[in-house]
Amino acid sequence: MSGQEILSDKIKRLALQFLIKQYANHSFSPLMVNNELQLLDKDENTLKNSLQNYNCSPEHLLTLPIVPRHDPPLCEIFLQKFRFQNKENPVSLIVNDFSDCINRFFSDHYIIATDASKSHVSTSIAGISCNQSFSYRINPINSVFTAEVLAICVAIDELAIVDKDILILSDSFSALNSLKNLNIHSTYAIQRLASKLFVRQTFNQNITFLWVPGNFPDIGTITKWTQNRRQDILIARIISRMIVTPALLNRFNLDSNPFCNICNETNDLLHILLRCRKYSTSDYIYGKT
């Protein structure tokens, strides 16, 4: 009997979630007819009574502010149009083609680059423009896909300006492709991003997305760091404190010894970069042999 009661509660919860989702989907819901949700009387009463427990009504439910196939499109997304987007080309050729593409087609755009990374202990997002940047650590339960989309969302909120059209660079083909094929079954992260684009569009601001190959130093090219993708990734991880160290592993019970074997100090990132005697010689620091 107790099992039946638990199952009954679960069925009610799932039914309530389904009804709320239909309200949220609004005109995209198969239950919507003539701009009204067609529910059985008992289902409608169940929904109202359940919402009353939270001091709200169906009118308080938020609906999606966009349509799956918006006309005109919410934004332009270039995935494979330009020569530099062929990642089989040498990096030097990609860099030259990328610079030519920016100068010819996007010279009047405000450029933002976003990225995300994930390790077994943390997930981080980052974004950079010519004026400012951000880097945040988010819940590690998020996938790289979600992190890439969230990085774009944060970039639109924190880095975009209002008086110029925006060009966003991303190396996540899957995220941009999902946005390009937006539909009612898209993930919540993609729907959230699309909502932000819809708001920008209502203010007559255009946002364009440009996919850059993963072996191309997108953020490094903009910031003039090193022109080396591996070094750019290392710098980004240092800034976001994502470098895996013995002290960090010990914090999560993945290493029994958090101390440096040479200095007998906590072997964290600051110790490795600034104090450790193992890396104190200039020959080692500058990679000389």
Residues of the range 83-132 classified as open to solvent by 10 Å² or more (accessible area, probe 1.4 Å), farther than 18 Å from I166 by Cβ and in a loop (DSSP other than H, G, I, E, B), total
8
Filtering the range 1-44 for residues that are assigned to a helix (DSSP H, G or I), over 33 Å from the mean Cα position of the chain (by Cα), charged (D, E, K, R) and at pLDDT 70 or above leaves a count of 6
Residue among I161, I156, I138 that alone is among the hydrophobic types (A, V, I, L, M, F, W, C), under 23 Å from Q205 (Cβ atoms), in contact with a helix residue (DSSP H, G or I) (Cβ under 9 Å, 6 or more places away or on another chain) and open to solvent by less than 50 Å² (accessible area, probe 1.4 Å)
I156
Exactly one of these conditions fails for R192: (1) open to solvent by 90 Å² or more (accessible area, probe 1.4 Å); (2) modelled with pLDDT under 65; (3) outside any loop (DSSP other than H, G, I, E, B). Give me its number.
(2)
Only residues that are over 13 Å from E158 (Cα atoms) and in contact (Cβ under 8 Å) with a residue 24 or more places away in the chain: list them for the range 131-141, please.
R137
Can you find a residue in the range 144-157 that is more than 30 Å from P30 (Cβ to Cβ) and not in a helix (DSSP H, G or I)?
no
Quick one: which residue in T114, T187 is within 18 Å of R200 (Cβ to Cβ) and of a type in the set (S, T, N, Q)?
T114
In the range 168-188, what residues are buried (at least 21 other Cβ atoms within 10 Å of the Cβ) and farther than 15 Å from L74 by Cβ?
L169, S170, D171, S172
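The values are calculated or read from the model by the stated rules, or taken from the named source; none is laboratory data. Values in this document were obtained by computation on a predicted structure and should not be read as measured data. Don't worry about glycine lacking a Cβ; one is built from the backbone with ideal geometry, like all the others, and counts go over all protein chains shown. When the accessible area is computed, the model is the full protein with side chains, heavy atoms only, and any ligands, DNA or RNA have been set aside. Shrake-Rupley method; radii C 1.70, N 1.55, O 1.52, S 1.80 Å.
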